[in-house]
Amino acid sequence: MEPLVSVIITTYNLEWCIEETIRSVLVQTHRNTEIIVVDDASTDDTSGRLAPFLDRITFIRHDINQGVSNKAEGGPARNTGIQRAKGEYIAFLDGDDLWEPEKIAVQVQAAQRFPHAGLIAVDGISFDHLDGRILRASLFHDYGDSLCSSLTEGTAIEVDVYRRMLQGCMIDTPSQVMISAKVINAVGPFALCRSDDYDFYVRVTSKFKAVIVKTPLVRYRCHTTSVSGPVSAQFFRFAQSGLAVRKRHLKECRKEDKRFLRQQIKKKLRVTSERAREEGDQGRKFWASQFLWG
C-alpha cells in the first residue's frame with residue numbers, strides 16, 4: 001500500500017538534534033506515512049546518527065551541498081525528496097524542528113475537509129534551543145489584517161491569502177506545511193533562490209486557497225547555526241531575499257495584481273531603508289552604508 005503522506009526531512013550538519021526530529025515523526029498518531037531524510041552533504045556525523053533509523057526511513061545524501069552551490073536554502077534538498085515521494089500529500093520538516101504527535105493527523109483531516117486547498121499550514125511556537133524559552137507563541141504572521149491572530153485555537157479555515165502573502169511571508173517555517181502532490185505538479189518545485197519557501201508559497205497561493213489551522217503543532221527551534229541566522233539579524237536577511245522574490249513574481253503575476261505588488265515592493269524598500277538608517281544611527285554606520293548601497 002502506498003503511503004498517504006510523504007514526510008520530507010531536510011538536514012545539514014544537524015547531528016546534535018536530527019535524532020529528536022525523526023522521533024517526533026515516528027510517534028505521529030497518523031501512521032500511513034513514509035519518511036524521507038535528505039542530507040545536503042553534511043560534514044558532521046549526521047549519517048552515523050541516522051544509522052539506527054535506516055529500517056524506518058529512506059535516506060538520501062547529496063555528495064555536494066546543493067543549497068550553498070545554488071545560493072539557495074532547503075529547496076534543493078526538498079526537491080530531491082519530492083522526486084522520491086510516493087504519497088498523495090507531502091509534509092516538510094526542517095531537521096532542527098519538532099512536531100507534536102497529532103500534527104499529520106490534523107492536517108490529513110483538514111485536507112479531507114478542504115480537498116481543493118493548495119496548502120495546509122498549522123500553527124506552532126518558536127523556542128530558544130539553549131534554554132527552551134518560548135520566543136513566539138505563534139508561527140503565523142498577519143499582514144494587512146488580523147486574520148491569524150483573530151482565530152481561536154482549534155479553528156481551521158480555507159481562505160485566499162495570496163495578497164496577504166505578497167505583503168509578507170505568513171508562515172515561519174516549512175515544517176508547518178503539508179501540500180498535495182498534485183499542487184506541486186501544478187506550480188513546480190522549489191526555486192533555486194534565497195527564501196525559496198516564500199517564493200513557493202507565493203506561487204501556490206496565486207493559484208490555490210490555503211487552509212490555516214490555528215493549532216500549535218510545530219516547535220520551531222531557534223539557534224545561532226540556523227539557516228535563518230540569529231533572530232536579531234533575520235529582518236534584514238529576509239528583507240533582501242523577500243524583495244527579490246516579489247520582483248521575480250512581478251514578471252509573472254496577473255495584470256490585476258501588478259499594481260498591488262508594485263506598491264508592496266515600494267513599501268518594503270522604504271521600511272527596510274528606514275530600519276537600516278536606524279542601525280546606522282546606533283553606531284553601525286559602515287554596515288548600514290554597505291547594506292543600503294549593496
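The values are calculated or read from the model by the stated rules, or taken from the named source; none is laboratory data. What you are looking at is a predicted structure, and each value in this text was computed from that prediction instead of being measured. Note: ideal-geometry Cβ built from the backbone for every residue, glycine included; neighbour counts use all protein chains shown. Surface areas here come from the heavy atoms of the whole protein model, side chains and all, with no ligands, DNA or RNA. Shrake-Rupley method; radii C 1.70, N 1.55, O 1.52, S 1.80 Å.
Odds and ends about this structure:
- The local environment of Glu100, defined by Cβ-Cβ distances under 12 Å, has a net charge of -1 under the rule Lys, Arg +1 and Asp, Glu -1.
- For q = 0.13, 0.15, 0.17 Å⁻¹, Debye-computed log10 I/I(0) when each Cα of the chain counts as one equal scatterer: -0.92, -1.24, -1.58
- Placing unit charges on the Cβ atoms of the charged side chains and taking the dipole of segment 1-158 about its Cα centre, the candidate lying farthest along the positive direction among Thr46, Asn32, Trp16 is Asn32.
- For segment 1-143, the gyration tensor built on C-alpha atoms gives a rounded shape. Its axis ratio a/c (a ≥ b ≥ c) stays under 1.5.
- Longest segment of the chain lacking trypsin sites (Lys or Arg not before Pro) that sit in a DSSP loop with at most 14 other Cβ atoms within 10 Å: 134-206
- Among the listed pairs Lys209/Lys258; Lys182/Lys214; Lys103/Lys258, those whose Cα-Cα separation exceeds 31 Å are Lys103/Lys258.
- Here each label is just a point 7 Å from Cα along the line to Cβ, and for Arg133 and Asp160 those points are 4.3 nm apart.
- For Ser146 and Arg113, a Förster radius of 30 Å and the Cβ-Cβ distance give a FRET efficiency of 0.80, rounded to the nearest 0.05.
- Ser195 exposes around 10 Å² of accessible area when a 1.4 Å probe is run over every protein chain in place.
- Taken about its Cα centre, segment 44-93 carries a charge dipole of about 140 debye when Lys and Arg each add +1 at the Cβ and Asp and Glu each add -1 at the Cβ.
- Amide H within-cut-off set for Val218, under 5 Å, with H built and near neighbours excluded: Glu100, Gly124, Ile125
- Residue-span extension gain [Arg84 to Ile64] - 0.36 nm each, minus C-alpha spacing: 5.4 nm
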